[in-house]
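Single-structure report; data block below.
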Amino acid sequence: MVFIFGRMSAEASAGAAARRPRGQAAIEYLMSYGWMILVLLAVVAAFFYLGVFTPQQPKSCTFPTGFTCYEYDLAPNGTLTLDLGQALGKPITVYGVGCSTSATPAYTMLASPAIVRSGGHLLVTNVTPITCTGGVTPSFKGKIFINYTLQGSNLVPRTVAGDLSSPI
């Protein structure tokens, strides 16, 4: 071997590289990256187990201006409990409520029409069950309809539609 300035010559280093096992570098490469891939797979599996990749449908109830959905609950059988508020400036008389995924629901008529003053609430409960139709489990996304008349408007029936989405 010929040393030039403290290093091996090119001929000597080529000979040493030829004698070193080539498979060892590949095995070391696969082992170091293999452990990293194994840990990454374990983390992803833990995320799937914890439900990180399964988003929940947000709970929301929105109406056009003048109506408010303060609170609601949608039971697994489709029965809706609704706390409805109104701020149209005049009292309204609510006759029916409908809940469906279609554009034309079947209204559940209230046992007795309810008068709601402007700024007031109407709690529609299980006394008059409102059933949301059109695919309720495991979540519901559809429309909620209120059938009402505005007092002092010649009792012309009106309908307002809001959006309703809820995990069951």
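The values are calculated or read from the model by the stated rules, or taken from the named source; none is laboratory data. Predicted, not measured: the structure shown is a model, and the values here were computed from it. FYI the Cβ positions are ideal-geometry reconstructions off the backbone, even for glycines, and counts take in every protein chain you see.
For G142, the criteria (1) under 30 Å from the mean Cα position of the chain (by Cα); (2) at pLDDT below 80; (3) farther than 10 Å from G96 by Cα hold in every case but one, which is (2). Within segment 149-165, the set of residues being over 26 Å from D73 (Cβ atoms) and aliphatic (A, V, I, L, M) comprises L150, L155, V156. A search for C-beta distances below 6 Å between a residue of segment 67-90 that is surrounded by fewer than 17 Cβ atoms within 10 Å (Cβ to Cβ) and any residue that is among the aliphatic types (A, V, I, L, M) and assigned to a loop (DSSP other than H, G, I, E, B), counting only pairs 6+ apart in sequence or on different chains, returns P76/I168.
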